[in-house]
Amino acid sequence: MPARIYVNHRENQRDRILACARELFIDRGIQAVTLSDIAVAAHLTRATLYKYFTNKEDLAQAIFQVTTRGWVERGEREVWSIPGTGYERVERFVRSHANAMFQNPREARFVAEFNALYAREWPVERMAPILTESLGSQRRQLYDSVRQGQAEGSLRVDLAPDVLVAAILNFVSGMMDRLGAMGAKVEGEYGIAAQTVFEQINRVFLSGLTR
């Protein structure tokens, strides 16, 4: 097999494994899925699967990295390439994530499951390099926007920029975890459309960034 064809074959096979694993993880939960389940869904032997991933934790992390690359690309389109004040850039960042999680609830469900596994089982030393590689550029853009907003007066100045960035990122992550884990149950709890609830939560949070 010529080298380029072989490389393409491996890339396509890896992508198929990731796509099948993602759907199984979302439908059943990461903990409930076995490598055998993934191999069957991808129409591969376990031996072939092991050539790409040694365990399902590695698979979950690879899927997370693919997911966050999509976030970075969306951020460049919808947030960072558009001029504005520091507050306006932060607002677009928060709203972009909120809109995306309602447009793709299955992605939100996977991320919620992934974060729960991270919280239970993985040390921060294992995840920090992955998060830096996946989301480092987003964090830098957000940090620059916070510094800009504080300098021009559009964002509150009583918190250090790195603290404010951490608060914003944890807020966005928390909203995705809540929606991903609860889904339609949010509406059942309050009798209000989930999207309406989260839009108002975002509004309250964003208003607090200016005081």
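The values are calculated or read from the model by the stated rules, or taken from the named source; none is laboratory data. Treat the numbers as computed from the prediction; the structure is a model and nothing was measured. A quick note on method: Cβ atoms are made from the backbone with ideal geometry, for glycine too, and the neighbour counts reach across all protein chains shown.
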From the options Gly149, Gly183, residue that is surrounded by 12 or more Cβ atoms within 10 Å (Cβ to Cβ), at pLDDT 95 or above and small (Gly, Ala, Ser): Gly149
Please work out which one of (1) of a type in the set (Gly, Ala, Ser); (2) over 13 Å from the mean Cα position of the chain (by Cα); (3) closer than 29 Å to Ala62 by Cα is the condition Gly149 fails and give its number. (3)
Any idea which of (1) exposed (fewer than 13 other Cβ atoms within 10 Å of the Cβ); (2) in contact (Cβ under 8 Å) with a residue 60 or more places away in the chain is the one Pro105 doesn't satisfy? (1)
Among Arg120, Arg92, Arg69, Arg109, which is the only one that is touching a Gly at 6+ places or on another chain (Cβ under 8 Å), farther than 27 Å from Ser207 by Cβ and of a type in the set (Lys, Arg)? Arg109
Among the residues of region 186-198, the number that are in a helix (DSSP H, G or I) and loosely packed, with under 15 Cβ neighbours inside 10 Å is 4
Go through (1) surrounded by fewer than 19 Cβ atoms within 10 Å (Cβ to Cβ); (2) over 22 Å from Gly174 (Cβ atoms) and name the single condition Cys20 misses. (1)
Sole exception among (1) under 30 Å from Gln195 (Cβ atoms); (2) outside any helix (DSSP H, G or I) for Asp158, by number: (1)
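Show me the helices (runs of 4 or more DSSP H) entirely contained within region 1-119 in which 3 or more residues are under 23 Å from the mean Cα position of the chain (by Cα). Show your work before the answer.
Numbers: elements: 3-28, 35-41, 46-50, 56-75, 86-103.
Because the criterion is at least 3 residues that are under 23 Å from the mean Cα position of the chain (by Cα), the helices (runs of 4 or more DSSP H) in region 1-119 that meet it are 3-28, 56-75, 86-103.
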For region 20-33, which positions are farther than 11 Å from Leu59 by Cβ and either touching a residue at least 12 places away in the same chain (Cβ under 8 Å) or in the same structural domain as Ala62 (by TED's automatic domain parsing) (or both)? Glu23, Ile26, Gly29, Gln31
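Mind checking which residues of region 58-88 are in contact with a Lys or Arg (Cβ under 6 Å, 6 or more places away or on another chain) and under 13 Å from Arg22 (Cβ atoms)?
In the first step, residues of region 58-88 are kept if they are in contact with a Lys or Arg (Cβ under 6 Å, 6 or more places away or on another chain); the result is 63, 79.
If the condition is that a residue be in contact with a Lys or Arg (Cβ under 6 Å, 6 or more places away or on another chain) and under 13 Å from Arg22 (Cβ atoms), then Ile63 is the only one that fits.
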